[in-house]
1. Could you check how many residues of the range 58-73 are in contact with a helix residue (DSSP H, G or I) (Cβ under 9 Å, 6 or more places away or on another chain) and either among the hydrophobic types (A, V, I, L, M, F, W, C) or free of Cβ contacts under 8 Å to residues at least 12 places away in the same chain (or both)?
2. For residue 74, only one of the following conditions fails: (1) at pLDDT below 95; (2) more than 22 Å from residue 116 (Cβ to Cβ). What is its number?
3. Which condition breaks for residue 65 when tested against (1) charged (D, E, K, R); (2) in contact with a strand residue (DSSP E or B) (Cβ under 8 Å, 6 or more places away or on another chain); (3) surrounded by 14 or more Cβ atoms within 10 Å (Cβ to Cβ)?
4. Determine, yes or no, whether residue 80 is surrounded by fewer than 20 Cβ atoms within 10 Å (Cβ to Cβ), at pLDDT 95 or above and of a type outside the set (S, T, N, Q).
5. From 119, 96, 105, grab the single residue that is charged (D, E, K, R) and either within 11 Å of the chain's Cα centre (by Cα) or surrounded by 14 or more Cβ atoms within 10 Å (Cβ to Cβ) (or both).
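The values are calculated or read from the model by the stated rules, or taken from the named source; none is laboratory data. Computed from a prediction, not measured in an experiment: that's the story for all the values here. A quick note on method: Cβ atoms are made from the backbone with ideal geometry, for glycine too, and the neighbour counts reach across all protein chains shown.
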Amino acid sequence: MMRRYDILRGAGLALLLVMLSACTNKIDLADVRAAIGDAPVVLLSTSTCGYCKKLRADLADWGVEYVDVDVESDRNGQRAYELVNGRGVPILLVGDTVVHGYSPDRSRGLLAAANLIPDSSTP
């Protein structure tokens, strides 16, 4: 009986490792940048997304220049979305860092660390 349990446990762990590796695909930023350009800040969004609208407002409030790429209507946006393993929007690219979802604190921290927030808008 114990041997059967060990086999099942080993199979379960192997399955878990396979699932984890499938979820952590490495992003090739060179391909992403080839699709959307080399602007320091790029927002992958849709026109109807409420969180995208909130992030646009945050970026404007912070005085951050960015490129907004619609992943529904722009072929390059669709390609970039696939390349960053998009499963929802917004997706913010700050340099080589990808932020999935609406995360204003993390986004602002990355922008500040990259010196992309003008001095007048820092608290």
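1. Count: 6.
2. Here residue 74 meets the rest and fails (1).
3. For residue 65, the exception is condition (3).
4. Numbers: surrounded by fewer than 20 Cβ atoms within 10 Å (Cβ to Cβ): no; at pLDDT 95 or above: yes; of a type outside the set (S, T, N, Q): yes.
Judged against the criteria, residue 80 is not a match.
5. Values: 119 fails: either within 11 Å of the chain's Cα centre (by Cα) or surrounded by 14 or more Cβ atoms within 10 Å (Cβ to Cβ) (or both); 105 fails: either within 11 Å of the chain's Cα centre (by Cα) or surrounded by 14 or more Cβ atoms within 10 Å (Cβ to Cβ) (or both).
Of the residues listed, the single one that is charged (D, E, K, R) and either within 11 Å of the chain's Cα centre (by Cα) or surrounded by 14 or more Cβ atoms within 10 Å (Cβ to Cβ) (or both) is 96.
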